[in-house]
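The values are calculated or read from the model by the stated rules, or taken from the named source; none is laboratory data. Since the structure is predicted, the reported quantities are computational estimates derived from the model, not experimental observations. Note that we place each Cβ from the backbone using ideal geometry, even for glycine, and neighbour counts take in every protein chain shown. Ligands, DNA and RNA are stripped out before the accessible areas are found, and what is left, the full protein with its side chains, is counted by its heavy atoms. Shrake-Rupley method; radii C 1.70, N 1.55, O 1.52, S 1.80 Å.
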Amino acid sequence: MPSEPSANPELLDKVINLAKRRGFVFQSAEIYGGFRSTYDYGPLGVNMLRNVKAAWWRDMVQMRQDVVGIDAAILGPPAVWAASGHLETFTDPLVDCRKCKERYREDKIDGVCPNCGSTEFTEARAFNLMFKTQAGPVEGEGATAYLRPETAQGMFTNFNNVLATIRKKPPFGIAQVGKSFRNEITPQNFVFRTREFEQMEMEYFVPPAEADEWYRYWIDQRYNWYLGLGIPEAQLRLHEHAKEDLSHYSRGTTDVEFLYPWGWDELEGIANRGDYDLTQHSNASGTKLEYFDQAANERYTPYVIEPAAGATRAMMAFLLAAYHEDEVEGETRTVLRLDWRLAPYQVAVLPLSKKPELEGVSREVLAALAPQYSCDYDVTQSIGRRYRRQDEVGTPWCVTVDFDSLEDRCVTVRDRDSTEQVRVPIDALLATLRERTGQS
Ligand code: ATP
(Lines give C-alpha, C1' and ligand atoms only; values in the text may rest on other atoms or scores of the structure.)
Protein backbone atom coordinates (compact mmCIF):
# COMPACT_ATOMS: atom_id res chain seq x y z
CA MET A 1 0.00 0.00 0.00
CA PRO A 2 1.36 3.46 -0.79
CA SER A 3 2.25 5.36 2.34
CA GLU A 4 0.00 8.27 3.21
CA PRO A 5 1.52 11.65 2.38
CA SER A 6 2.02 13.69 5.51
CA ALA A 7 0.82 17.18 6.39
CA ASN A 8 3.18 20.02 5.55
CA PRO A 9 2.66 23.12 7.71
CA GLU A 10 5.41 25.18 5.99
CA LEU A 11 3.62 24.93 2.68
CA LEU A 12 0.73 27.06 3.89
CA ASP A 13 3.04 29.97 4.74
CA LYS A 14 4.81 29.68 1.40
CA VAL A 15 1.55 29.77 -0.54
CA ILE A 16 0.11 32.65 1.52
CA ASN A 17 3.31 34.57 0.94
CA LEU A 18 3.32 33.89 -2.79
CA ALA A 19 -0.38 34.75 -3.01
CA LYS A 20 0.22 38.15 -1.49
CA ARG A 21 3.52 38.93 -3.21
CA ARG A 22 2.24 38.09 -6.68
CA GLY A 23 -1.27 39.52 -6.47
CA PHE A 24 -3.46 36.49 -5.92
CA VAL A 25 -4.98 37.25 -2.51
CA PHE A 26 -4.68 40.30 -0.27
CA GLN A 27 -5.87 40.86 3.25
CA SER A 28 -9.01 42.97 2.95
CA ALA A 29 -8.84 46.60 4.18
CA GLU A 30 -5.15 46.07 4.85
CA ILE A 31 -4.38 49.82 5.03
CA TYR A 32 -6.76 49.96 8.00
CA GLY A 33 -5.11 47.04 9.74
CA GLY A 34 -7.16 44.39 7.91
CA PHE A 35 -10.60 43.01 8.58
CA ARG A 36 -10.34 39.58 10.07
CA SER A 37 -11.15 36.70 7.77
CA THR A 38 -11.97 38.74 4.70
CA TYR A 39 -9.81 38.71 1.62
CA ASP A 40 -9.57 40.54 -1.67
CA TYR A 41 -8.55 38.83 -4.88
CA GLY A 42 -5.85 40.66 -6.82
CA PRO A 43 -5.14 40.77 -10.56
CA LEU A 44 -3.85 37.18 -10.74
CA GLY A 45 -6.22 35.82 -8.09
CA VAL A 46 -9.30 37.11 -9.83
CA ASN A 47 -8.19 35.44 -13.06
CA MET A 48 -7.62 32.15 -11.30
CA LEU A 49 -10.84 32.26 -9.29
CA ARG A 50 -12.80 33.03 -12.46
CA ASN A 51 -11.06 30.09 -14.13
CA VAL A 52 -12.03 27.74 -11.29
CA LYS A 53 -15.65 28.85 -11.56
CA ALA A 54 -15.57 28.68 -15.37
CA ALA A 55 -14.16 25.14 -15.29
CA TRP A 56 -16.94 24.12 -12.92
CA TRP A 57 -19.64 25.83 -15.01
CA ARG A 58 -18.33 24.27 -18.19
CA ASP A 59 -18.35 20.74 -16.78
CA MET A 60 -21.48 21.05 -14.67
CA VAL A 61 -23.70 23.14 -16.97
CA GLN A 62 -22.35 23.88 -20.43
CA MET A 63 -21.31 20.30 -21.28
CA ARG A 64 -24.53 18.77 -19.97
CA GLN A 65 -28.01 18.88 -21.36
CA ASP A 66 -29.52 17.88 -18.02
CA VAL A 67 -28.32 20.88 -15.97
CA VAL A 68 -29.24 24.57 -16.22
CA GLY A 69 -27.97 27.55 -14.27
CA ILE A 70 -29.51 30.37 -12.27
CA ASP A 71 -28.23 33.39 -10.40
CA ALA A 72 -30.40 34.11 -7.37
CA ALA A 73 -30.45 36.98 -4.86
CA ILE A 74 -28.07 37.06 -1.92
CA LEU A 75 -30.53 38.88 0.35
CA GLY A 76 -33.53 36.85 1.43
CA PRO A 77 -36.55 37.03 3.71
CA PRO A 78 -36.70 35.07 7.00
CA ALA A 79 -39.44 32.79 5.59
CA VAL A 80 -36.93 31.04 3.31
CA TRP A 81 -34.54 30.37 6.15
CA ALA A 82 -37.28 29.28 8.51
CA ALA A 83 -38.45 26.68 5.99
CA SER A 84 -34.94 25.49 5.13
CA GLY A 85 -34.20 24.89 8.80
CA HIS A 86 -31.35 27.43 8.93
CA LEU A 87 -33.00 29.74 11.45
CA GLU A 88 -33.34 26.94 13.93
CA THR A 89 -30.45 24.62 13.25
CA PHE A 90 -27.72 26.42 11.32
CA THR A 91 -25.72 26.84 14.47
CA ASP A 92 -22.31 25.92 15.76
CA PRO A 93 -21.51 25.20 19.41
CA LEU A 94 -19.72 28.28 20.78
CA VAL A 95 -17.46 28.02 23.84
CA ASP A 96 -15.22 30.57 25.58
CA CYS A 97 -11.94 29.66 27.21
CA ARG A 98 -12.38 30.65 30.88
CA LYS A 99 -8.73 31.57 31.18
CA CYS A 100 -7.76 33.58 28.08
CA LYS A 101 -11.34 34.34 26.88
CA GLU A 102 -10.69 33.17 23.32
CA ARG A 103 -13.80 31.87 21.49
CA TYR A 104 -13.96 28.54 19.74
CA ARG A 105 -16.21 26.16 17.91
CA GLU A 106 -16.42 23.33 20.41
CA ASP A 107 -16.25 20.58 17.78
CA LYS A 108 -13.01 22.00 16.36
CA ILE A 109 -10.88 21.88 19.52
CA ASP A 110 -9.72 18.78 21.36
CA GLY A 111 -10.82 19.90 24.83
CA VAL A 112 -7.70 22.05 25.17
CA CYS A 113 -7.50 25.76 24.40
CA PRO A 114 -5.17 26.11 21.36
CA ASN A 115 -4.21 29.57 22.66
CA CYS A 116 -3.32 28.95 26.33
CA GLY A 117 -3.69 25.21 26.95
CA SER A 118 -6.49 25.58 29.49
CA THR A 119 -9.16 22.86 29.67
CA GLU A 120 -11.75 25.14 31.32
CA PHE A 121 -14.48 26.27 28.98
CA THR A 122 -17.91 27.82 29.33
CA GLU A 123 -20.96 25.66 28.51
CA ALA A 124 -21.49 25.42 24.74
CA ARG A 125 -24.13 27.80 23.34
CA ALA A 126 -25.80 27.40 19.96
CA PHE A 127 -24.61 30.28 17.78
CA ASN A 128 -26.48 30.98 14.53
CA LEU A 129 -24.09 31.51 11.63
CA MET A 130 -26.33 33.65 9.46
CA PHE A 131 -25.69 37.36 8.97
CA LYS A 132 -28.84 39.25 9.80
CA THR A 133 -29.52 42.71 8.43
CA GLN A 134 -32.31 45.21 7.76
CA ALA A 135 -33.80 45.88 4.34
CA GLY A 136 -35.29 49.37 4.18
CA PRO A 137 -34.20 52.95 4.75
CA VAL A 138 -35.22 53.54 8.38
CA GLU A 139 -32.81 52.18 10.95
CA GLY A 140 -34.52 49.66 13.19
CA GLU A 141 -37.77 49.68 11.18
CA GLY A 142 -36.76 47.82 8.04
CA ALA A 143 -37.72 44.25 7.31
CA THR A 144 -35.33 41.63 8.62
CA ALA A 145 -33.27 40.05 5.88
CA TYR A 146 -30.49 37.49 5.84
CA LEU A 147 -27.43 37.14 3.67
CA ARG A 148 -27.62 33.63 2.24
CA PRO A 149 -25.34 31.14 4.01
CA GLU A 150 -25.48 28.84 0.96
CA THR A 151 -26.63 29.22 -2.64
CA ALA A 152 -28.79 26.09 -2.59
CA GLN A 153 -32.08 27.61 -1.43
CA GLY A 154 -32.30 29.73 -4.60
CA MET A 155 -32.55 26.50 -6.59
CA PHE A 156 -35.36 25.15 -4.41
CA THR A 157 -37.44 28.33 -4.27
CA ASN A 158 -37.14 28.68 -8.08
CA PHE A 159 -37.94 25.01 -8.75
CA ASN A 160 -41.34 25.74 -10.35
CA ASN A 161 -40.05 28.76 -12.28
CA VAL A 162 -37.26 26.72 -13.82
CA LEU A 163 -39.45 23.70 -14.55
CA ALA A 164 -42.04 25.91 -16.25
CA THR A 165 -39.46 27.59 -18.46
CA ILE A 166 -36.98 24.94 -19.56
CA ARG A 167 -38.97 21.75 -20.23
CA LYS A 168 -36.69 19.38 -18.33
CA LYS A 169 -37.80 16.37 -16.41
CA PRO A 170 -36.05 14.52 -13.59
CA PRO A 171 -33.27 13.66 -13.54
CA PHE A 172 -32.19 17.26 -14.09
CA GLY A 173 -30.20 19.83 -12.17
CA ILE A 174 -30.09 23.53 -11.35
CA ALA A 175 -26.67 25.03 -10.73
CA GLN A 176 -25.46 28.27 -9.24
CA VAL A 177 -22.16 29.95 -8.47
CA GLY A 178 -22.02 32.88 -6.10
CA LYS A 179 -21.22 34.43 -2.78
CA SER A 180 -22.36 33.01 0.53
CA PHE A 181 -21.87 34.39 4.02
CA ARG A 182 -21.44 32.62 7.34
CA ASN A 183 -20.54 34.26 10.60
CA GLU A 184 -17.97 31.56 11.32
CA ILE A 185 -16.84 31.41 14.93
CA THR A 186 -13.29 30.53 14.02
CA PRO A 187 -12.45 31.52 10.47
CA GLN A 188 -9.02 30.13 9.75
CA ASN A 189 -6.40 28.80 7.43
CA PHE A 190 -6.31 31.62 4.93
CA VAL A 191 -9.26 31.32 2.49
CA PHE A 192 -10.18 27.80 3.65
CA ARG A 193 -12.80 29.08 6.06
CA THR A 194 -13.87 32.71 5.73
CA ARG A 195 -17.03 34.63 6.57
CA GLU A 196 -17.60 35.67 2.97
CA PHE A 197 -16.85 33.06 0.33
CA GLU A 198 -17.98 31.68 -2.99
CA GLN A 199 -19.80 28.46 -3.60
CA MET A 200 -20.49 26.31 -6.64
CA GLU A 201 -23.57 24.24 -5.96
CA MET A 202 -25.86 22.05 -8.00
CA GLU A 203 -29.19 20.55 -6.98
CA TYR A 204 -29.94 17.45 -9.03
CA PHE A 205 -33.61 16.46 -8.91
CA VAL A 206 -34.27 12.75 -9.40
CA PRO A 207 -37.09 10.20 -9.11
CA PRO A 208 -36.81 8.89 -5.52
CA ALA A 209 -36.10 5.33 -6.64
CA GLU A 210 -33.00 6.53 -8.53
CA ALA A 211 -31.57 8.68 -5.72
CA ASP A 212 -28.93 6.27 -4.50
CA GLU A 213 -27.63 5.58 -7.99
CA TRP A 214 -27.32 9.32 -8.73
CA TYR A 215 -25.72 9.97 -5.36
CA ARG A 216 -22.96 7.49 -6.27
CA TYR A 217 -22.71 8.95 -9.75
CA TRP A 218 -22.13 12.50 -8.48
CA ILE A 219 -19.58 11.41 -5.87
CA ASP A 220 -17.63 9.81 -8.68
CA GLN A 221 -18.00 12.80 -11.03
CA ARG A 222 -16.91 15.32 -8.46
CA TYR A 223 -13.92 13.31 -7.25
CA ASN A 224 -12.77 12.96 -10.85
CA TRP A 225 -13.28 16.67 -11.54
CA TYR A 226 -10.51 17.56 -9.10
CA LEU A 227 -8.26 14.79 -10.43
CA GLY A 228 -8.83 15.99 -13.98
CA LEU A 229 -7.75 19.50 -13.03
CA GLY A 230 -4.48 18.30 -11.60
CA ILE A 231 -4.94 17.43 -7.93
CA PRO A 232 -2.81 14.29 -7.40
CA GLU A 233 -4.64 11.15 -6.35
CA ALA A 234 -2.48 10.92 -3.21
CA GLN A 235 -3.95 14.24 -1.99
CA LEU A 236 -7.58 13.40 -2.63
CA ARG A 237 -9.89 10.99 -0.85
CA LEU A 238 -13.56 10.34 -0.19
CA HIS A 239 -14.99 10.31 3.30
CA GLU A 240 -18.47 8.94 3.77
CA HIS A 241 -20.23 10.27 6.88
CA ALA A 242 -21.46 7.70 9.38
CA LYS A 243 -25.26 7.55 9.66
CA GLU A 244 -25.18 9.03 13.19
CA ASP A 245 -23.20 12.07 12.00
CA LEU A 246 -25.58 13.05 9.20
CA SER A 247 -27.40 16.40 9.19
CA HIS A 248 -31.11 16.16 9.86
CA TYR A 249 -31.99 16.45 6.16
CA SER A 250 -29.40 14.06 4.80
CA ARG A 251 -29.83 10.44 3.75
CA GLY A 252 -26.16 10.16 2.91
CA THR A 253 -23.21 12.56 2.72
CA THR A 254 -19.76 12.00 1.29
CA ASP A 255 -17.03 14.59 1.39
CA VAL A 256 -14.29 14.94 -1.16
CA GLU A 257 -11.31 15.62 1.08
CA PHE A 258 -8.00 17.20 0.21
CA LEU A 259 -4.72 16.80 2.07
CA TYR A 260 -4.18 20.40 3.25
CA PRO A 261 -0.98 21.45 4.99
CA TRP A 262 -2.74 20.76 8.32
CA GLY A 263 -4.09 17.36 7.27
CA TRP A 264 -7.18 15.93 5.56
CA ASP A 265 -10.13 18.30 5.43
CA GLU A 266 -13.24 19.00 3.37
CA LEU A 267 -13.11 20.30 -0.15
CA GLU A 268 -16.66 19.55 -1.22
CA GLY A 269 -19.69 17.70 0.13
CA ILE A 270 -22.08 15.53 -1.88
CA ALA A 271 -25.38 14.82 -0.13
CA ASN A 272 -28.56 12.90 -0.81
CA ARG A 273 -31.04 15.36 0.70
CA GLY A 274 -34.13 13.25 -0.03
CA ASP A 275 -37.29 15.32 -0.51
CA TYR A 276 -36.53 17.47 2.53
CA ASP A 277 -36.06 20.84 0.82
CA LEU A 278 -38.91 20.74 -1.68
CA THR A 279 -41.29 19.40 0.97
CA GLN A 280 -40.29 22.04 3.51
CA HIS A 281 -40.76 24.89 1.02
CA SER A 282 -44.04 23.40 -0.27
CA ASN A 283 -45.43 23.23 3.24
CA ALA A 284 -44.20 26.63 4.33
CA SER A 285 -45.10 28.59 1.19
CA GLY A 286 -48.29 26.80 0.25
CA THR A 287 -46.91 26.40 -3.30
CA LYS A 288 -46.48 22.78 -4.30
CA LEU A 289 -42.99 22.05 -5.55
CA GLU A 290 -43.54 18.78 -7.34
CA TYR A 291 -43.09 17.11 -10.70
CA PHE A 292 -45.98 15.76 -12.72
CA ASP A 293 -44.90 12.77 -14.76
CA GLN A 294 -47.35 12.74 -17.65
CA ALA A 295 -46.37 9.32 -18.99
CA ALA A 296 -47.03 7.65 -15.64
CA ASN A 297 -49.82 10.12 -14.76
CA GLU A 298 -48.22 10.58 -11.38
CA ARG A 299 -47.21 13.54 -9.25
CA TYR A 300 -44.21 13.24 -6.96
CA THR A 301 -41.64 15.24 -5.02
CA PRO A 302 -38.19 14.59 -6.50
CA TYR A 303 -35.25 13.73 -4.30
CA VAL A 304 -32.23 15.99 -4.43
CA ILE A 305 -28.58 15.06 -4.84
CA GLU A 306 -26.39 18.04 -4.05
CA PRO A 307 -22.71 18.41 -4.90
CA ALA A 308 -21.74 21.55 -2.92
CA ALA A 309 -18.26 22.96 -3.49
CA GLY A 310 -16.44 26.09 -2.42
CA ALA A 311 -14.87 28.10 -5.25
CA THR A 312 -12.48 29.99 -2.99
CA ARG A 313 -11.63 26.83 -1.07
CA ALA A 314 -11.06 24.92 -4.31
CA MET A 315 -8.77 27.67 -5.59
CA MET A 316 -6.72 27.31 -2.43
CA ALA A 317 -6.47 23.54 -2.87
CA PHE A 318 -5.39 23.96 -6.51
CA LEU A 319 -2.71 26.44 -5.42
CA LEU A 320 -1.44 24.16 -2.66
CA ALA A 321 -1.33 21.12 -4.91
CA ALA A 322 0.43 23.06 -7.67
CA TYR A 323 3.17 24.57 -5.51
CA HIS A 324 6.57 23.02 -6.18
CA GLU A 325 10.17 23.91 -5.74
CA ASP A 326 12.53 22.23 -8.17
CA GLU A 327 15.94 22.79 -9.64
CA VAL A 328 16.60 24.31 -13.03
CA GLU A 329 20.18 24.86 -14.20
CA GLY A 330 21.49 24.51 -10.66
CA GLU A 331 19.05 27.05 -9.24
CA THR A 332 15.99 26.43 -7.12
CA ARG A 333 12.86 27.74 -8.71
CA THR A 334 9.30 28.02 -7.43
CA VAL A 335 6.78 26.75 -9.90
CA LEU A 336 3.01 26.46 -9.79
CA ARG A 337 2.16 23.39 -11.85
CA LEU A 338 -1.38 24.58 -12.49
CA ASP A 339 -3.56 23.05 -15.15
CA TRP A 340 -3.57 25.52 -18.07
CA ARG A 341 -7.33 26.06 -17.63
CA LEU A 342 -6.77 27.40 -14.10
CA ALA A 343 -3.57 29.40 -14.56
CA PRO A 344 -4.04 33.18 -14.14
CA TYR A 345 -2.08 33.71 -17.35
CA GLN A 346 -1.99 30.97 -19.91
CA VAL A 347 0.63 32.59 -22.08
CA ALA A 348 3.25 35.27 -21.48
CA VAL A 349 4.54 37.18 -24.48
CA LEU A 350 8.11 38.23 -23.79
CA PRO A 351 10.06 40.43 -26.21
CA LEU A 352 13.71 39.50 -25.68
CA SER A 353 14.69 43.12 -25.33
CA LYS A 354 13.04 46.48 -24.84
CA LYS A 355 14.37 47.67 -28.19
CA PRO A 356 11.58 49.26 -30.21
CA GLU A 357 12.21 46.98 -33.25
CA LEU A 358 10.74 44.05 -31.32
CA GLU A 359 7.63 45.82 -30.17
CA GLY A 360 5.65 45.61 -33.42
CA VAL A 361 5.94 41.88 -33.89
CA SER A 362 5.51 41.22 -30.15
CA ARG A 363 2.26 43.19 -30.13
CA GLU A 364 1.17 41.29 -33.22
CA VAL A 365 1.76 37.97 -31.41
CA LEU A 366 -0.12 39.27 -28.37
CA ALA A 367 -3.05 40.39 -30.51
CA ALA A 368 -3.27 36.93 -32.08
CA LEU A 369 -3.28 35.14 -28.71
CA ALA A 370 -5.29 37.45 -26.46
CA PRO A 371 -8.77 36.59 -27.82
CA GLN A 372 -8.16 32.91 -26.99
CA TYR A 373 -5.91 32.93 -23.97
CA SER A 374 -5.32 35.07 -20.92
CA CYS A 375 -1.97 36.71 -21.68
CA ASP A 376 0.68 38.64 -19.83
CA TYR A 377 3.09 40.95 -21.65
CA ASP A 378 6.36 41.64 -19.92
CA VAL A 379 9.42 43.50 -21.18
CA THR A 380 11.26 44.16 -17.92
CA GLN A 381 14.36 42.33 -16.59
CA SER A 382 16.43 39.55 -18.11
CA ILE A 383 14.62 36.77 -19.94
CA GLY A 384 15.73 34.22 -17.31
CA ARG A 385 14.21 36.32 -14.51
CA ARG A 386 11.03 36.73 -16.51
CA TYR A 387 10.74 32.96 -17.01
CA ARG A 388 11.08 32.48 -13.23
CA ARG A 389 8.42 35.10 -12.57
CA GLN A 390 6.03 33.32 -14.93
CA ASP A 391 6.87 29.89 -13.44
CA GLU A 392 6.07 31.21 -10.00
CA VAL A 393 2.53 32.18 -11.01
CA GLY A 394 1.96 29.05 -13.07
CA THR A 395 2.00 30.42 -16.63
CA PRO A 396 2.20 27.25 -18.76
CA TRP A 397 3.80 28.84 -21.85
CA CYS A 398 6.12 31.72 -22.51
CA VAL A 399 6.41 32.99 -26.06
CA THR A 400 9.68 34.81 -26.63
CA VAL A 401 10.13 37.20 -29.51
CA ASP A 402 13.74 37.84 -30.50
CA PHE A 403 15.64 39.60 -33.28
CA ASP A 404 15.54 36.51 -35.51
CA SER A 405 11.76 36.69 -35.30
CA LEU A 406 11.91 39.77 -37.47
CA GLU A 407 13.58 37.70 -40.20
CA ASP A 408 12.14 34.20 -39.89
CA ARG A 409 8.71 35.07 -38.42
CA CYS A 410 9.26 32.42 -35.75
CA VAL A 411 9.08 32.66 -31.96
CA THR A 412 10.27 30.45 -29.11
CA VAL A 413 7.68 28.61 -27.05
CA ARG A 414 8.94 27.61 -23.62
CA ASP A 415 7.14 25.03 -21.53
CA ARG A 416 6.80 25.76 -17.80
CA ASP A 417 7.14 22.20 -16.51
CA SER A 418 9.85 20.76 -18.76
CA THR A 419 11.46 24.19 -19.50
CA GLU A 420 11.86 22.87 -23.05
CA GLN A 421 11.96 25.46 -25.81
CA VAL A 422 10.86 25.01 -29.40
CA ARG A 423 10.90 27.38 -32.33
CA VAL A 424 7.47 27.83 -33.92
CA PRO A 425 6.30 29.97 -36.86
CA ILE A 426 4.05 32.80 -35.66
CA ASP A 427 1.38 31.56 -38.05
CA ALA A 428 1.44 28.14 -36.37
CA LEU A 429 1.38 29.48 -32.79
CA LEU A 430 -2.34 29.09 -32.18
CA ALA A 431 -2.32 25.58 -33.61
CA THR A 432 0.68 24.67 -31.42
CA LEU A 433 -1.06 25.92 -28.28
CA ARG A 434 -4.30 24.21 -29.23
CA GLU A 435 -2.38 20.96 -29.51
CA ARG A 436 -0.67 21.44 -26.14
CA THR A 437 -3.93 22.25 -24.42
CA GLY A 438 -5.58 19.23 -25.99
CA GLN A 439 -8.07 21.48 -27.77
CA SER A 440 -7.33 20.28 -31.29
P1 ATP B 1 -17.71 22.99 7.57
O2 ATP B 1 -18.23 21.76 8.27
O3 ATP B 1 -16.26 22.90 7.15
O4 ATP B 1 -18.07 24.28 8.23
P5 ATP B 1 -19.88 22.55 5.81
O6 ATP B 1 -19.86 21.06 5.77
O7 ATP B 1 -20.87 23.27 6.62
O8 ATP B 1 -18.42 23.08 6.15
P9 ATP B 1 -21.19 22.95 3.35
O10 ATP B 1 -22.35 23.62 3.95
O11 ATP B 1 -21.33 21.53 2.90
O12 ATP B 1 -19.94 23.08 4.32
O13 ATP B 1 -20.65 23.87 2.17
C14 ATP B 1 -20.24 23.34 0.94
C15 ATP B 1 -18.85 23.81 0.59
O16 ATP B 1 -18.77 25.23 0.69
C17 ATP B 1 -17.75 23.31 1.52
O18 ATP B 1 -17.32 22.03 1.14
C19 ATP B 1 -16.67 24.34 1.30
O20 ATP B 1 -15.93 24.06 0.11
C21 ATP B 1 -17.46 25.60 1.10
N22 ATP B 1 -17.52 26.35 2.36
C23 ATP B 1 -18.39 26.20 3.38
N24 ATP B 1 -18.15 27.08 4.37
C25 ATP B 1 -17.10 27.83 3.96
C26 ATP B 1 -16.37 28.92 4.53
N27 ATP B 1 -16.71 29.43 5.71
N28 ATP B 1 -15.34 29.43 3.83
C29 ATP B 1 -14.99 28.94 2.61
N30 ATP B 1 -15.64 27.92 2.02
C31 ATP B 1 -16.68 27.36 2.67
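Here are the numbers:
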item	result
Label point distance in nm, residue 300-residue 329, each placed 7 Å from Cα along Cα→Cβ	6.6
Candidates 271, 368, 317: whichever shows maximal mean-square fluctuation once the chain is modelled as a Gaussian network with Cα springs under 10 Å	368
Prolate/oblate/rounded call for segment 345-437, Cα gyration tensor, a/c under 1.5 rounded	rounded
Computed P(r) (all Cα pairs; the chain; 10 Å bins; percent)	4, 18, 26, 24, 16, 9, 3, 0
Angle in degrees between helix 383-392 and the longest Cα principal axis of the chain, rounded to the nearest 10	10
Cα-projected label distance for residue 428 with residue 99, points at 7 Å along beta-carbon direction, nm	7.0
Qualifying aspartates and glutamates (Cα of each under 13 Å from Cα of residue 354; at least 8 residues distant if same chain)	378, 402
Tilt relative to the chain, helix 43-57 - C-alpha long axis, 0 to 90 degrees, to 10	60
Average accessible area per residue (Å²) across the chain - probe 1.4 Å, nucleic acids and ligands excluded	49
Interchain or long-range residues, amide H under 5 Å from residue 118's placed H	113
Lys, Arg +1 and Asp, Glu -1 on Cβ, resulting dipole of segment 121-197 about Cα centre, debye, nearest 20	480
Nitroxide proxy distance, nm - points 7 Å out along Cα→Cβ at residue 238 and residue 165	3.4
C-alpha center-to-center spacing [segment 366-385, segment 281-310] in angstrom	50
For the chain, built as a Gaussian network whose Cα springs stay under 10 Å, the top-fluctuating residue of 144, 254, 122	122
Overall form of segment 362-410 per C-alpha gyration tensor (a/c, 1.5; a/b vs b/c)	oblate
All Cα pairs of segment 1-117, percent lying beyond 23 Å	67
MRE, 222 nm, helices only [DSSP H, n ≥ 4, -39500 (n - 2.57), over the chain, to nearest 500]	-9000 deg cm²/dmol
Accessible area of the chain belonging to carbon and sulfur atoms, whole % at 1.4 Å probe	47
Dipole in debye (nearest 20) - the chain, about Cα centre, beta carbon charges: Lys, Arg +1; Asp, Glu -1	920
Residues whose placed amide H lies under 5 Å from that of residue 28, excluding near-sequence neighbours	35, 38, 39, 40
Between helix 311-322 and the chain: long-axis angle, C-alpha atoms, 0 to 90°, nearest 10	40
Subset of 53/169; 108/168; 99/243; 14/179 violating a 32 Å alpha-carbon distance limit	108/168; 99/243
Rel. contact order, % - alpha carbon contacts under 8 angstrom, at least six apart, segment 220-360	17
Residues with amide H under 5 Å from that of residue 268, placed H, sequence gap 5 or more	256
